[in-house]
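The values are calculated or read from the model by the stated rules, or taken from the named source; none is laboratory data. In this text the structure is predicted, and so the values were computed from the model without any measurement. Heads up, the Cβs are rebuilt from the backbone with ideal geometry, glycines too, and the neighbour counts pull from every protein chain shown.
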Amino acid sequence: MRTLLPQDNDVSVLPPVLPAFLLQRRTSAITIRPRAELDPSVEDLSARRSSNDSSSTSGAGQDAAFNNATIKFSFPTLFGGGFSLGLGGGLYIFIVDLWKEHTPAPFNSMPDTYSFLVKNAFLWRFTYEVTNPKLIHVPYLSAVGSFVSRGVHEALDKYHPDLVVSVHPLMQHIPIRVMAERIRSGAMPPTNFATVVTDFTTCHNTWFCPGATRCFVPTDYCRQLALENDMAPEQIILHGLPIRPSFSRPLPSRAVLRRTLGMATGLPAVLLVGGGEGMGALEETVSQLDARLGDKCQVVVICGRNRSLQERLRARPKGTGHVLLHVCGFVDNIHEWMGACDAIITKAGPGTIAEALISGIPILLNGNVPCQEEGNIPYVIDNRVGTFETRPDRIASIIASWLIEGGEEQRAEFVAMGRRAKALGRPKAVYRIVDDLAALADEPCFDFGPAAAALLRQRNGAAATAEAAAV
């Protein structure tokens, strides 16, 4: 593949697309992704320029927001906080909520419909499946682009990116088309576009646009979907899901972690995660665990922002005959809690599954968002790293068989599940993705991506002009 390295300063060898721009030192990259619930400190993490297009949503959108922050945190971690590209220009990272900040009404309210739709399974499934075929979403996004492209132009004018990175399923086709138009017209230099897929297995087809320079996927399943959506094998890179850098670092022993976190060192422990809203049948699950396990187990409950749930759980009976409860809201050390526990109960969200695999703990899935999380369930079951159950009483029975009631054979299988989970984990994925993104920021690609599209269209136009002149 022909790419332009910083030392390629001989304009004569460049493709005939704005060669002068390629000699200009640029210092920004855009990341496109949801911005929901980001820690304000993330915004000030780096003085360098890079930006993400995204859209503020909840649920799966928050997974994307987290993953974008993960990528941003990892740039200075990987490159020592003084990251520079090629000839010495710094990389400045911007997180841009493209839908909400740079599109007109009513399009800027589209992300707000996600929370409503996903809570109404029929409506969400209908919307998801109707728009999934290329025959539908490509013309649909083309039509939407005619209304919102001006805002995308303004965003690109504002940030002057070296690289655009999307971690949102609706942020491929429109930005890529706008970028190709701008490159062809001379409004921006040749610039790469990368997609980082933040769903784990079943993905909406809008994630995969052949016009992207690179598409980073977390699993072989996603790679196959990208191929089915006309992406070339050379465009697709499988590194894993970008997860907090803290999961790539060694932890103290489980006993040390439990002492540090105020847990009992001699009791088996299960981690119950309720997501950002603390949703799901958490309270009933705790009740069933308490009734089944009694004082033979401890349960860590991550309630998110659900304060009323925290208060109710903390008011539960304690002492002899009851599970030892550790109730938390939002935590910034989830890697330590996972390292301290023997198993996890969680919905089938991609980030939590990837973190549990890295932590090497068996997974009991207790729910899922329709459509995009459904494929995560057979992934866990088929790889024999966990199981799926929604009924709280059955969940309690499974945990009991895993931790305290199972015989020698069941205990051996439980230990084997943890080993298989550890083997599937990809703790270095975010670093590998960031390393490749850094290279993309410094080397315009003319084989794939917006610059390739602009070059092809320019050549086709030149050929048509020459043909007309010959006639």
| task | Could you identify the single residue in VAL178, VAL286, VAL217 that is free of Cβ contacts under 8 Å to residues at least 60 places away in the same chain, crowded, with 20+ Cβ neighbours inside 10 Å and under 20 Å from ARG432 (Cβ atoms)? | result | VAL217
| Which of the residues spanning the stretch 377-394 are of a type in the set (Ser, Thr, Tyr) and part of a loop (DSSP other than H, G, I, E, B)? | THR390
| Can you name the number of the only condition in (1) more than 18 Å from the chain's Cα centre (by Cα); (2) in contact (Cβ under 8 Å) with a residue 12 or more places away in the chain; (3) under 29 Å from LEU440 (Cα atoms) that PRO139 fails? | (2)
| said: Given the criteria modelled with pLDDT of 95 or more and β-branched (Val, Ile, Thr), does THR191 qualify? | reply: no
| message | Going by what's in this entry, would THR352 be described as touching a residue at least 12 places away in the same chain (Cβ under 8 Å), more than 20 Å from PRO242 (Cβ to Cβ) and out of contact with any helix residue (DSSP H, G or I) (no Cβ under 7 Å at 6 or more places or on another chain)? | response | no
| Sole residue being in the same structural domain as PHE446 (by TED's automatic domain parsing), part of a helix (DSSP H, G or I), crowded, with 22+ Cβ neighbours inside 10 Å and not aromatic (Phe, Trp, Tyr), chosen from CYS203, CYS222, CYS209 | CYS222
| note | Within the stretch 360-377, the residues that are touching a residue at least 24 places away in the same chain (Cβ under 8 Å) and not aliphatic (A, V, I, L, M) are GLY360, PRO362, ASN366, GLY367, PRO370, CYS371, GLN372, GLU373, GLU374, GLY375, ASN376
| field | Lone unmet requirement of (1) in the same structural domain as GLY274 (by TED's automatic domain parsing); (2) farther than 20 Å from GLY240 by Cβ; (3) in contact with a strand residue (DSSP E or B) (Cβ under 7 Å, 6 or more places away or on another chain) for ALA396 | value | (3)
| note | Only one of (1) more than 26 Å from LYS428 (Cβ to Cβ); (2) in a loop (DSSP other than H, G, I, E, B); (3) not assigned by TED's automatic domain parsing to the domain that holds CYS297 does not apply to ILE183, and that is (2)
| task | Scan the stretch 247-273 and report the pairs whose first residue is in the same structural domain as LEU364 (by TED's automatic domain parsing) and surrounded by 15 or more Cβ atoms within 10 Å (Cβ to Cβ) and whose second residue is part of a loop (DSSP other than H, G, I, E, B) and of a type in the set (Ser, Thr, Tyr), with Cβ atoms within less than 8 Å and a gap of 6+ or a chain change. | result | ARG258/THR265
| request: Give the residue, chosen from GLU374, GLU355, that is under 17 Å from the mean Cα position of the chain (by Cα), in a helix (DSSP H, G or I) and acidic (Asp, Glu). | output: GLU355
| said: Can you find a residue that is among the β-branched types (Val, Ile, Thr), surrounded by 15 or more Cβ atoms within 10 Å (Cβ to Cβ) and at pLDDT 85 or above anywhere in the stretch 413-422? | reply: no
| said: Please go through (1) under 24 Å from ILE433 (Cβ atoms); (2) modelled with pLDDT of 75 or more for GLY88 and return the number of the only condition it doesn't satisfy. | reply: (2)
| Members of the stretch 153-172 that are under 20 Å from TRP207 (Cβ atoms) and without any contact (Cβ under 8 Å) to a residue 60 or more places away in the chain | PRO169, GLN172
